[in-house]
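The values are calculated or read from the model by the stated rules, or taken from the named source; none is laboratory data. The model shown is predicted, which means the values in this text are computed figures rather than measured ones. Cβ atoms come from the backbone with ideal geometry, glycine included; neighbour counts cover every protein chain shown.
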Amino acid sequence: MTSSTIALLGLPNTGKSTFFNRIAAARAHVGNWPGITVDLAEAEISLNGERVKLVDLPGIYDLAGTAADETIVREFFQRVPVRLVLVILNAGQIQHQLRLALQVKAWGIPMVVLLNMADEARQLGIQIDTEKLSDRLGVPVVALSAKYGGGYWQAYETICRALKEAPIPAAPLLKPMLPEIDPEAIAPLLADTVTLPGRVVRRLTEQLDHWLLHPLWGLPLFFAGLYLTFQVVWVLGLGVQDWLSDTFDAFQGQVLEPFLAGLPPLLSSLLLEGLYGGITTVAAFVPLV
């Protein structure tokens, strides 16, 4: 019997559902929660030998917001006694997303902060000292990549420890205060825990877009690309097509026709001109396609 509920909370597009699917291991289903206007994805999993219910809440930007999803999240916490909250943030945008974690902390619910997409953050030159940040926040902080699995088991073990230490709540937050966080409170937390690159490291696609979408060079490069594509099709494609046609014709004349010479003319024509001819004609056009 499930004794505790763990809520998975995060901003949109932080990989929250990817982490949920990984830890749920195909045990997820959609559940109808009393008093809440939408169905939420949930899964029963085992942590520390204890059966718990993991609920994937809608992605939100602000616990104090007025959007429909933000209202649904507040209703959930008002009606469900949550033992632990897993707050998933995009490590590459931590300076803009840490506010949500501070809001959950203001509620006093035990939580673990999961910095997802840590691999992408490193590629951008962003360095995060998770141990220092954990000390500053007073909650466990783990960096991981839910998509590729890096850091997942460390996150899993951290969640298990946090669940073991978290008391079972007697009741939900019937009337949770809407936490207001001063934006200036975030800067001191990041001062010596997060190192941002002096110049943003651009990905290869962004570097290409700088030229390919340039207002001056964009169109000439576009037409140059079309011309090169045509040349590749014309020179390489037609050359391979001619070679294939000659090869198929030689195989027909030297192998198939002597082999099928003893068959009735109608059957021989069907196999050579119909079946073989049709297949090789299509195959010869593959290089052009």
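Data for the structure
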item	result
Residue, farthest from the chain's Cα centre (by Cα), within the stretch 100-117, restricted to residues that are crowded, with 22+ Cβ neighbours inside 10 Å and assigned to a helix (DSSP H, G or I)	V104
Number of positions in the stretch 223-241 that are modelled with pLDDT of 85 or more and surrounded by 12 or more Cβ atoms within 10 Å (Cβ to Cβ)	0
Selection within the stretch 51-88 - in contact with a helix residue (DSSP H, G or I) (Cβ under 9 Å, 6 or more places away or on another chain) and assigned to a loop (DSSP other than H, G, I, E, B)	L57, P58, G59, I60, Y61, D62, L63, A64, G65
Test: F248 is assigned to a helix (DSSP H, G or I), without any contact (Cβ under 8 Å) to a residue 24 or more places away in the chain, outside the structural domain of E131 (by TED's automatic domain parsing) and aromatic (F, W, Y)	no
